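Read-outs throughout are calculated quantities, based only on the coordinates presented, and are distinct from any laboratory measurement. Only a predicted model underlies this, so the values are computations on that prediction, with no experimental measurement involved. Here the Cβ is made from the backbone with ideal geometry for all residues, glycine too, and neighbour counts use every protein chain on show.
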Amino acid sequence: MKRFRVRLIIGLALMQVTAAITAMGQNGADWPQWRGPNRDGISKETGLLKQWPAGGPPLVWKAKGAGAGYSSMAVSNGRLCTMGLRGDREFVVALDVVTGKEAWATPHGRAFRNDRGDGPRGTPTVDGNKLYALGGNGDLSCLDASTGRVLWTQNILSKFGGANPRWGLSESPLVVGDKLLVTPGGPGASIVALNKNDGSLIWKSQSDGAGYSSGITVDAGGTTQVVFFTSTRAVGLDLRDGKLR
């Protein structure tokens with residue numbers, strides 16, 4: 001079978017996605033969230049080309065119209081998932097990896113606009129058959145990854161009293177076990193852990209404003225921590241209860 005490597009070209013006015021075949025073998029591994037499976041930017045793929053052919057990689061397909069914004073791609077179960085601004089709405093969009101055709105597009109919150117560029121700033125996170133997306137204005141949605149159907153949605157700024165930072169929420173949701181972690185930046189709710197199945201609150205912690213960053217997990221001293229940059233500092237919280245480590 002052919003293995004697809006995906007080269008992404010993203011324009012602010014109109015997102016364009018270009019795919020190229022660069023290797024042969026079995027299907028490549030999924031890249032289901034920002035910076036890959038472990039959020040470390042490391043791919044375990046092997047047999048990659050050390051340099052492109054003189055004429056460049058052969059073009060497989062090209063797709064336009066995903067929308068304006070700064071969202072990157074999550075690749076899972078044969079879909080490229082991203083976000084973009086279309087008109088006055090942000091959308092979560094899924095494209096077929098093989099053909100580049102749009103599989104589904106789901107409206108997702110109102111448009112975020114400012115003088116540094118309009119549209120969403122985060123990348124969707126795919127966890128099993130669910131997809132989680134956070135828009136520039138704080139709209140957080142859980143979608144069926146196969147169909148784009150909305151399973152639940154909420155605005156984390158409104159719910160937790162946060163203030164949108166100057167350039168908009170720029171976060172890719174973090175999923176760890178049954179928890180979905182995001183940064184509303186509200187009083188007593190700088191960082192919150194939600195139940196990934198229904199969006200209900202598990203814990204909330206700290207009172208920092210939101211930064212322009214996405215959380216990661218760190219195992220230290222026998223404890224799993226979640227580490228975030230807020231507007232003022234870096235913090236490590238106990239995954240179990242949100243206590244400051």
Residue among GLY109, VAL176, LEU131 farthest towards the positive dipole end of the range 108-188, charges placed on Cβ: GLY109
With +1 on each Lys and Arg Cβ and -1 on each Asp and Glu Cβ, and nothing else charged, work out how big the dipole of the range 85-127 is about its Cα centre, in Debye to the nearest 20. 140
Pulled fully out, how much extra length does the chain show between TRP167 and ILE42, if you take 0.36 nm times their separation in residues and subtract their Cα-Cα distance? 42.2 nm
Could you run the Karplus curve 6.51 cos²θ - 1.76 cosθ + 1.60 with θ = phi - 60° over the range 182-191 and give me ³J(HN,Hα) per residue in whole Hz, x for Gly and Pro? 9, 10, x, x, x, x, x, 8, 4, 10
Loop sites in the range 136-228: trypsin sites (Lys or Arg not before Pro), DSSP, at most 14 other Cβ within 10 Å: ARG149, ARG166
Using the Cα centre of the range 100-149 as the reference point, and only Cβ charges (+1 on K/R, -1 on D/E), how large is the resulting charge dipole? Debye, rounded to the nearest 20. 60
Scalar couplings 3J(HN,Hα) for the range 203-212 by Karplus 6.51 cos²θ - 1.76 cosθ + 1.60 (θ = phi - 60°), nearest whole Hz, x for Gly and Pro, are 8, 9, 8, 6, 9, 6, x, 6, x, 10
Any chance you could run the full-extension gain for ASN114 through SER146? It's 0.36 nm times the residue separation minus the Cα-Cα distance, nm to one decimal. 8.3 nm
Contact order relative to length of the chain, as percent, for alpha carbon pairs under 8 angstrom and 6 or more apart: 11
Of ASN38, ALA74, GLY56, farthest towards positive along the dipole that unit charges on Lys, Arg, Asp, Glu beta carbons give the range 30-84: GLY56
Report ³J(HN,Hα) in whole Hz for each residue of the range 162-177, in order, from the Karplus equation J = 6.51 cos²θ - 1.76 cosθ + 1.60 where θ = phi - 60°; Gly and Pro get x. x, 10, 5, x, 3, 9, x, 4, 10, 10, 9, x, 9, 10, 9, x
Computed Rg/Rh for the chain (Cα atoms; Rh = Kirkwood radius) stands at 0.98
In square nanometres, what is the average projected area of the Cα convex hull of the range 115-245? 7.7
Taking Cα pairs closer than 8 Å and at least 6 residues apart, the relative contact order of the range 130-242 in percent is 18
Once the dipole of the chain is set up with Lys and Arg at +1 and Asp and Glu at -1 on Cβ about the Cα centre, which of GLY236, ALA29, THR99 lies farthest towards its positive end? THR99
If you place +1 on the Cβ of every Lys and Arg and -1 on the Cβ of every Asp and Glu, how big does the dipole about the Cα centre of the chain come out, in debye to the nearest 20? 460
Given springs between every Cα pair under 10 Å in a Gaussian network model of the chain, which of THR106, THR46, THR224 has the largest fluctuation? THR46
How large is the helix-only mean residue ellipticity at 222 nm for the chain, computed as the sum of -39500 (n - 2.57) over DSSP H runs with n ≥ 4, divided by its residue count, in deg cm²/dmol to the nearest 500? -500 deg cm²/dmol
